[in-house]
Amino acid sequence: MIDVLYRSRQKENLDKDVLNFLSSLKEDVNILTYDILGTQAHCLMLNKIGILTPDELSKILSSLSKIKFESKNKESLQNIFSDKLFLSEDIHELIETLVIEDIGIDIGGKMHTGRSRNDQVILDVRMKLRDDIIDICELIINVIKSLIGKSKEHTNTIISLYTHLQQAQIGTVSHYLLSYTFNLLRDLERVSSSFEKINLSPLGSCAIGGTGIPIDRNYTASLLGFEGLLENSIDATSSRDSMIEYLSFLSILMSTLSRIAEDFILWSTSEFNYIELSDRYSSTSSVMPQKKNPDPLEIIRSRTSIVIGMLISSLSLIKNLPSGYHRDLQDLKPLLSNSARIVKESLLIMKGVIDTFNVNKKNAFNSANKSYGVSLDIAEQIVIKYNISFRKVHKLIGALVQHAVKNENISLSQISKEDVNKILKFTQIKINIDELMSIIKDTTPEKSILFRNSYGSPNPMQQKDMVNSIEKSLLVYCKVVSERKELLYAAFDNLEKEVILNTIVDNEKNY
Ligand code: ARG
């Protein structure tokens, strides 16, 4: 009986509610294609070592091709799933069931020789993760490119820099946007690095302790485009540390996106009014017609919490598991696939927000201009010119700011010469009052940016260098990603050819 495929010991079928409770079939849509590819490779190997005759291999391969073909169509996929929903615990059992239904147990029943669901499932997960990592890397690269593009438009756009959310120094919009690119570049480096740990084949480890069948693990690994093997069969089937490391990288990446979102949300408030989000990236209110809300950015912020939650769930899920496969591990699969889905969607939305927002240059400038953000620049010019103690000058400028604030927040250059002189005398700093007055008057926000030229500052020359270095690093990652893609395409191309070559041409069966 098909519905008891694995139940050779049990006399009864699983209770319906129990089956429903423990089945991963719905989640397994995400690994269906990988499962078929893995089985194709495994069967080609079984033929190579003489377990499957060419005819048996051909029958299995054409049956698998049928399932692959049908699963591409949403409707027929739903049919397969709903028909068998109460019969299979997961995609592995379902596919074996379908093949056996199609070609009989004598041949179809050979498919799972020398393999267990334990190495099979983690093979599928690793294959999906490889694709997700490639997608995520590409999407991060696109966001960085958008940030660079936008930053080039705003090399000279003045904006306040903040610490403690209080206006600090004078900056530029481009300097801000480039700061995110450096952060995202590290995220890219992290996510990209997990590819190497994931790209190792567990196939052939069997349930936990290998197999007596003379399998060829290297052959299946190379058919599936893996860089190498996971050496120890216990480790291969039970460890999930690399996946959790990857989830932690995704959580860090999301927290980067969330912080960028937070800046943009703040800047788009009417109080800041530094940027205006595109209408296409804003929501509104059901009752307040004037509202323009940054909901997509808020959702990025909230989804960050969800991804972090999934990292914590995954850590709690494995921390008490003894060696070997446990069904608990099944619940890691949705954590991995949902996190990847959220990350991909968030990167896509973030790119759109960046590409389409407008900077309110005037407003950003006026706010920076009113902020006393030039105070440090004035102090440093005095230090350079007169070589006097920075601390003493700090006190002088602090006293000038205090005076200006008390007088209806006038700017430092609006303080009368008389008042400046009084404060100067009080601090006992011996500098020429006219020279001091002209330093104060000359230090505009624009000059402040030009004056500050330390490595990494918002000075336009520094920003040019930053763009160059980011673009250089991006090229390296673009190359890494495209090489990985090419290797996988080549492997799957070759696998497809082997499958066709080993499937006896018979028009009826030729899918
Ligand atoms: N559905 C299972 C999972 O996703 C497949 C492995 C089941 N293995 C087992 N020994 N019950 O993890």
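Numbers for the structure displayed
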quantity: Summed side-chain charge close to Lys150 - residues other than Lys150 whose Cβ falls under 15 Å, Lys, Arg +1, Asp, Glu -1; calculated: -1
quantity: Estimated dipole of the stretch 1-55 in Debye, rounded to 20 [Cβ of Lys and Arg +1, of Asp and Glu -1, Cα centre]; calculated: 200 debye
quantity: For the chain, share of DSSP beta bridges that run antiparallel, in % to the nearest 5; calculated: 80 percent
quantity: Those lysines that a straight Cα-Cα span of less than 20 Å connects to Lys422, excepting residues fewer than 8 apart in one chain; calculated: Lys392, Lys395, Lys406, Lys430, Lys441
quantity: Cα point-scatterer Debye curve for the chain, base-10 log of I(q)/I(0) at q = 0.05, 0.07 Å⁻¹; calculated: -0.32, -0.55
quantity: Total charge dipole magnitude, the chain, about the Cα centre, Cβ charges on Lys, Arg, Asp, Glu only, Debye to nearest 20; calculated: 2460 debye
quantity: Angle in degrees between helix 375-386 and the longest Cα principal axis of the chain, rounded to the nearest 10; calculated: 60 degrees
quantity: 13 Å beta-carbon shell around Leu200, net charge (K/R +1, D/E -1); calculated: -2
quantity: Cleavage-rule hits, GluC sites (Glu not before Pro), the stretch 9-100, DSSP coil, Cβ neighbours within 10 Å at most 13; calculated: Glu12
quantity: Most positive-pole-ward Cα, Thr284, Met254, Ser314, against dipole of the stretch 204-322 from beta carbon charges; calculated: Thr284
quantity: Most to least packed among 434-444, 301-311 [average Cβ atoms within 10 Å]; calculated: 301-311, 434-444
quantity: Protein accessible area in the stretch 209-333, 1.4 Å probe - carbon and sulfur %; calculated: 50 percent
quantity: Computed over the stretch 216-303: relative contact order in percent, which uses C-alpha pairs under 8 Å that are six or more apart; calculated: 22 percent
quantity: Principal-axis tilt of helix 173-198 within the chain, Cα atoms, nearest 10 degrees; calculated: 20 degrees
quantity: Sites Glu262 and Lys362, calculated FRET efficiency, Cβ-Cβ separation with R0 35 Å, nearest 0.05; calculated: 0.90
quantity: DSSP-loop chymotrypsin sites (Phe, Trp or Tyr not before Pro) across the stretch 390-469, with at most 10 other Cβ within 10 angstrom; calculated: Tyr455
quantity: Cβ-based charge dipole, the chain, positive-most Cα from Leu161, Asn183, Ser193; calculated: Leu161
quantity: Nearest 10 degrees, 0 to 90: helix 32-48 Cα axis against the chain principal axis; calculated: 50 degrees
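The values are calculated or read from the model by the stated rules, or taken from the named source; none is laboratory data. Nothing here was measured: the structure is a model prediction, and the numbers come from that model. When we count neighbours, we look across all protein chains shown, and the Cβ atoms used for this are built from the backbone with ideal geometry, even at glycine. Ligands, DNA and RNA are excluded from the accessible area calculation, which covers all protein heavy atoms including side chains. Shrake-Rupley method; radii C 1.70, N 1.55, O 1.52, S 1.80 Å.
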